[in-house]
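The values are calculated or read from the model by the stated rules, or taken from the named source; none is laboratory data. All figures in this text were calculated on a predicted structure; none of them were measured in a lab. We place every Cβ from the backbone using ideal geometry, glycine too, and count neighbours over all the protein chains shown.
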Amino acid sequence: MPYDVIVVGGSYAGMAAALQVLRARRSVLVVDAGAPRNRFAAHSHGFLGQDGVEPEIIAHTARAQLMRYPTLTWTEGMALSAEGEKDAFALSLAEGPSVAARRLLFATGLADALPDIPGIADRWGRSVFHCPYCHGYELQRGRIGVIATGPISLHQAQLIPEWGDVTFFTNGAIVPDVATRTALAERGVAIEDTPILALEGEADIRLSDGRILAFSGLFTATRTAPATPIAQNLGCMLEETPFGTQIRTDAGKETSIPGVFACGDVARIPHSVSLAVGDGAWAGACVHRSLVF
């Protein structure tokens, strides 16, 4: 017998979606590769009721609650490909036989492409961040560096002075015009055009002229893309956002392929744990309704 729904991705959005379907007493298979996007962060912030809790603890608690439902099956592993049509989908796994379902829901998350700067990957999620609402408060209004990657970085540079004293590093990624420089100055943002050589220490920036500037934390806008190509290989349409590419969905979280849904970071902007959970809950309800109506 096919599952009613297969959820590909067992992080926040995927579990929130699965919960709604399980509570409708439908059969759900969750396939999870175990690599959540926020695995580099020590704590999760801004999530009501879980502020400051370690991501692993939040995920473990949520999974334990889902496992209480008898119609849930959980598989740890990688989903390789999907095929079929509404009411007759098949999903192939890296290990084991393929599985069938009436509906598919992709909650696969995103991959972040960081700027090509030595030392930045080692500090990602620890002292280099992308969301000030998630990590800005803990910097205690200290010195903050914003590393440009493109036009979206101007938005970051103008927003982040709410959390500290900001220096904006253009780093060859953007050339602010006079109006932009004036707008940043009005926000108290210092502009540094000298290229970045590397990141050192906790959150120190070494410039190409030899200077080392110390900060409490750094922010940068990554370029995002779906963490796995499984949805686009099935034929789901993608769309461009200011942050990168994501799966296109309608108001009911259905993709361009009938019977295939998507939610969480891979299917909405902006990104945070709270927003992913809400998006997943709505997607789960929509998937269930599609089985009824």
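A few points about this structure:
- Within region 57-97, the only residue that satisfies the criterion of being assigned to a loop (DSSP other than H, G, I, E, B), among the small types (G, A, S) and either touching a helix residue (DSSP H, G or I) at 6+ places or on another chain (Cβ under 6 Å) or closer than 19 Å to Q232 by Cα (or both) is A94.
- Enumeration of residues in region 41-55 that are free of Cβ contacts under 8 Å to residues at least 12 places away in the same chain and more than 19 Å from A281 (Cα to Cα): D51, G52, V53
- Residues considered: L159, L199. Of these, the only one that is modelled with pLDDT of 95 or more, within 21 Å of A42 (Cα to Cα) and among the hydrophobic types (A, V, I, L, M, F, W, C) is L199.
Listed here are the residues, each with its yes/no results for (1) on the phi < 0 side of the Ramachandran plot; (2) among the charged types (D, E, K, R).
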residue	(1), (2)
E95	yes, yes
A101	yes, no
G109	no, no
L114	yes, no
P118	yes, no
A121	yes, no
S127	yes, no
P132	yes, no
H135	yes, no
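- Cβ pairs under 8 Å, 6+ apart, first in region 107-127 and within 30 Å of A283 (Cβ to Cβ), second assigned to a strand (DSSP E or B) and of a type in the set (D, E, K, R): D112/R223; A113/R223; W124/D112
- L291 passes every criterion in (1) more than 28 Å from E162 (Cα to Cα); (2) buried (at least 22 other Cβ atoms within 10 Å of the Cβ) apart from (2).
- Subset of region 18-40 that is without any contact (Cβ under 8 Å) to a residue 60 or more places away in the chain and over 21 Å from H271 (Cα atoms) - its residue that is surrounded by the fewest Cβ atoms within 10 Å (Cβ to Cβ): R25
- Any hit, region 81-98, residues being exposed (fewer than 15 other Cβ atoms within 10 Å of the Cβ), under 23 Å from the mean Cα position of the chain (by Cα) and among the hydrophobic types (A, V, I, L, M, F, W, C): no
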